[in-house]
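The values are calculated or read from the model by the stated rules, or taken from the named source; none is laboratory data. What you see is a predicted model; the values in this text were computed from it and never measured. Counting neighbours? That spans all protein chains shown, and the Cβs are built from the backbone with ideal geometry, glycine included.
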Amino acid sequence: MNAQVAVNVTLRRPHPHEVEPLLALFEAEVRAGLMLPRTVESVLCCLESWLIAEAGGEVIGCVSLVRYSDALCEVRSLAVRPDFRGQGIASRLVRAALELAREQGYRRVLTLTRAPRLFTKLGFRLDVVTNFPEKVWKDCAPCPFKDACDEVALLYTLEEER
Ligand SMILES: CC(C)(COP(=O)(O)OP(=O)(O)OC[C@H]1O[C@@H](n2cnc3c(N)ncnc32)[C@H](O)[C@@H]1OP(=O)(O)O)[C@@H](O)C(=O)NCCC(=O)NCCS
């Protein structure tokens with residue numbers, strides 16, 4: 001269980017001037033080959049697909065939805081600033097991303113992660129990435145780690161809630 005829950009944290013869409021601090025949240029993981037890179041332009045073009053966590057006027061967490069089809073999207077680029085981790089902020093961001101996916105009409109939400117527990121606690125179920133050729137063609141095929149991938153695929157089905 002989380003020892004404490006961050007209460008003075010707001011989740012909302014990012015403003016254009018917040019894109020650079022947002023990208024800084026996971027630049028170390030991108031450099032280490034642990035997360036896919038995102039460009040300023042690719043975030044600016046799709047701000048409606050991003051959520052940030054804000055505390056004291058600073059961007060301290062982020063998450064995005066990436067579209068594969070009308071029915072399927074992926075929760076991607078989930079990150080929380082190191083000094084705010086362990087307070088349930090990533091869980092709040094994923095729950096809000098699921099709500100956003102529901103609002104945008106998606107039926108299934110995929111994620112690939114090295115932190116599967118975070119997602120199974122929120123109702124995601126273990127799956128296999130080969131069930132998602134849209135993902136494999138777009139991101140896995142060109143990935144340098146494709147033959148030694150240590151990420152786990154999980155799926156959340158929004159339909160089941162109706
Ligand atoms: C992974 C990350 C987003 C978690 O953020 P967080 O706000 O600390 O996460 P939460 O407090 O909501 O954690 C919820 C649960 O997720 C799990 N969890 C959190 N971080 C984890 C990690 N790095 N590895 C495995 N499980 C993790 C824990 O089981 C936790 O459950 P608990 O409350 O029973 O301990 C954060 O560590 C981070 O930004 N890491 C670098 C970026 C990254 O790796 N992103 C990819 C994530 S898919």
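Before moving on, here are some points about what is shown:
- Test for PRO14: is it modelled with pLDDT of 95 or more, of a type outside the set (D, E, K, R) and surrounded by fewer than 21 Cβ atoms within 10 Å (Cβ to Cβ): yes
- Restricting the stretch 98-124 to residues that are more than 16 Å from the ligand (Cβ to nearest atom) and loosely packed, with under 11 Cβ neighbours inside 10 Å, the residue that is farthest from ARG12 (Cα to Cα): GLY105
- Residue check for ARG102: part of a helix (DSSP H, G or I), among the basic types (Lys, Arg) and either closer than 22 Å to GLU20 by Cα or touching a helix residue (DSSP H, G or I) at 6+ places or on another chain (Cβ under 7 Å) (or both): yes
- Residue within the stretch 82-95 that is polar (S, T, N, Q), under 12 Å from the mean Cα position of the chain (by Cα), within 16 Å of the ligand (Cβ to nearest atom) and in a strand (DSSP E or B) present: no
- In this structure, ALA71 does not satisfy being touching a Phe, Trp or Tyr at 6+ places or on another chain (Cβ under 7 Å), of a type in the set (Gly, Ala, Ser) and within 14 Å of the ligand (Cβ to nearest atom).
- Positions within the stretch 16-64 being more than 24 Å from CYS140 (Cα to Cα), free of Cβ contacts under 8 Å to residues at least 24 places away in the same chain and assigned to a loop (DSSP other than H, G, I, E, B), in sequence order: GLY57
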